[in-house]
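All remarks here apply to the structure that follows.
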Amino acid sequence: MRKPIPYSRQNVTEEDVEAVAQILRSDWLTTGPAITNFESALKEYTGAPFAFAVSNATTGLHLACLAVGLKPGEELWTSPNSFVASANCGIYCGAKVDFVDIDPKTYNLSISALREKLKSGSRPKVLVTVDFSGQTGDLKEIAQLGREYGFKVLQDASHSIGGRYLDERVGACNYSDATIFSLHAVKVLTTGGEGGVVLTRDPQIAHKLQRLRSHGITRDDKEFIGPKQGGWDYQMIDLGYNYRMTDAQAAMGLSQLKRIESLVQRRHRLADTYDRELSGLPLTLPVRLKDRVSGLHLYVLRVHQNRRKSLYDFLHSNGILANVHYIPIHTQPYYQELGFRLGQFPEAEAYYQEALSIPLYVGLSDEEQQYVIDTIKGFFK
Ligand SMILES: *Cc1c(COP(=O)(O)O)cnc(C)c1O
């Protein structure tokens, strides 16, 4: 029996393991030099002047919402075609969440739907745009609308570390108030299971991110209310959280970041092979736009003729663990309870009926990929 082939899988080398082991033998296990080194490497790599390692992208999104000033009763808009965390961060802040339907070609938030919604009069305080599958959407246009209508732009780049958008590396934050990476095990780069990063160019946002990541506490007596009582003194200025990353995670992240280009390149070669081999079947293959480079977290097919479920079941019965990204967030019971209804975001709903993510990860061998291709072709024979 062949070992099951997942839709995604971590890439961990002996160097990564050694980097983690070194930390475990060292003096610092949390908030030590490995965190500083990882954050410096991220700043250098992306070009963003501020980077904060956090426990995962969900806490990163929450911190970013707080840092840009999202308040109870204000609105956060995002794409319904995302993981629930892209919307939940608004709920954590007491905000009202709403959605903007997707573009039927890129499956990213539709810029025309956004324009229309803004013209109708309502305004978000924060817009979370999601780089679906690793490809950044119309971020520059969204940033322009943000200036025009006065909302903050958060880029959920959970899928797109290692990608490029126009003249920047994803994470450079030239077109966002903050950008958030997920370093979860299934994503393009991992810190060993869980992990995230928040990047920004704005010193005030950076200041808030840093403080809120660690309980809202400061040890800088220039920020103290009243005099410092002694070397031990610290003050809690805001209600913050413990959303920190550990040093072992940071060391692994740094080790992985050194090979980010080759990780993304391998994903592109695998995607090229799928593009070539799967054309001509009753499928829509994903579009890679010319002016940007996808991080390629996912390779998503649209399966026509109402056959997505049967292809999913067929692949699973053959040991290929395809998956579906995403069940539209507004159709989840929690969001239905808030008043959302089926039919509100028809492009996202139509897309969901047909979407299927097939295996794409660095360790997928050419032979395994050929098996995936042959199995899909066999299904349509
Ligand atoms: C994975 C993911 C998240 C959450 O990431 P965690 O690091 O698991 O918290 C958020 N948004 C999107 C689009 C994701 O894919």
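The values are calculated or read from the model by the stated rules, or taken from the named source; none is laboratory data. Owing to the predicted nature of the structure, the values given are computational and were not obtained by experimental measurement. Neighbour counts are summed over all protein chains in view; Cβ atoms, including those assigned to glycine, are modelled from backbone coordinates with ideal geometry. Surface accessibility is based on the protein's heavy atoms, side chains included, excluding ligands, DNA and RNA. Shrake-Rupley method; radii C 1.70, N 1.55, O 1.52, S 1.80 Å.
Just one residue in the set 206, 248 is touching a Phe, Trp or Tyr at 6+ places or on another chain (Cβ under 8 Å), surrounded by 16 or more Cβ atoms within 10 Å (Cβ to Cβ) and not in a loop (DSSP other than H, G, I, E, B); that residue is 206. Which of the residues spanning segment 213-227 are in contact (Cβ under 8 Å) with a residue 24 or more places away in the chain and open to solvent by 10 Å² or more (accessible area, probe 1.4 Å)? Once the filter is applied, which keeps residues that are in contact (Cβ under 8 Å) with a residue 24 or more places away in the chain and open to solvent by 10 Å² or more (accessible area, probe 1.4 Å), segment 213-227 yields 213, 214, 215. Scanning segment 284-301 for residues that are surrounded by fewer than 19 Cβ atoms within 10 Å (Cβ to Cβ) and in contact (Cβ under 8 Å) with a residue 40 or more places away in the chain yields a count of 5. For segment 223-233, indicate whether the set of residues that are farther than 30 Å from residue 161 by Cα and in a helix (DSSP H, G or I) is non-empty. Yes, the conditions are met somewhere in segment 223-233. Scanning segment 272-282 for residues that are surrounded by fewer than 20 Cβ atoms within 10 Å (Cβ to Cβ) and at pLDDT 95 or above yields 272, 273, 275, 276, 277, 278, 279, 281, 282.
Looking across segment 185-202, just one residue is under 13 Å from residue 256 (Cα atoms), near the ligand (Cβ under 10 Å from one of its atoms) and open to solvent by 30 Å² or more (accessible area, probe 1.4 Å), and that is 187. Determine, yes or no, whether residue 54 is touching a residue at least 24 places away in the same chain (Cβ under 8 Å), β-branched (Val, Ile, Thr) and in contact with a Ser or Thr (Cβ under 9 Å, 6 or more places away or on another chain). Criteria not met by residue 54. Looking across segment 162-181, just one residue is in contact with a helix residue (DSSP H, G or I) (Cβ under 6 Å, 6 or more places away or on another chain), in a strand (DSSP E or B) and open to solvent by 10 Å² or more (accessible area, probe 1.4 Å), and that is 169.
Residue 159: of a type outside the set (Val, Ile, Thr), within 15 Å of the ligand (Cβ to nearest atom), closer than 19 Å to residue 361 by Cα and surrounded by fewer than 24 Cβ atoms within 10 Å (Cβ to Cβ), yes or no? Answer is no for this residue. Only one of the numbered conditions (1) more than 30 Å from residue 264 (Cβ to Cβ); (2) within 13 Å of the ligand (Cβ to nearest atom) is not met by residue 60, and that is (1). Evaluate the following for residue 274: is it in contact with a Gly (Cβ under 9 Å, 6 or more places away or on another chain) and among the aromatic types (Phe, Trp, Tyr)? Judged against the criteria, residue 274 is not a match. Report whether or not residue 37 is farther than 22 Å from residue 333 by Cα and touching an Asp or Glu at 6+ places or on another chain (Cβ under 8 Å). No: the conditions fail for residue 37. Scanning for something within 13 Å of the ligand (Cβ to nearest atom) and either under 18 Å from the mean Cα position of the chain (by Cα) or in contact (Cβ under 8 Å) with a residue 40 or more places away in the chain (or both), does segment 65-75 turn up at least one residue? Yes, the conditions are met somewhere in segment 65-75. Close Cβ contacts (under 7 Å, 6 or more residues apart or on different chains) running from residues in segment 337-354 that are closer than 21 Å to residue 88 by Cβ to residues that are open to solvent by 30 Å² or more (accessible area, probe 1.4 Å) and hydrophobic (A, V, I, L, M, F, W, C) comprise 349/342; 352/327. Among the residues of segment 187-203, the one identified as among the acidic types (Asp, Glu) and either part of a strand (DSSP E or B) or under 14 Å from residue 58 (Cβ atoms) (or both) is 194.
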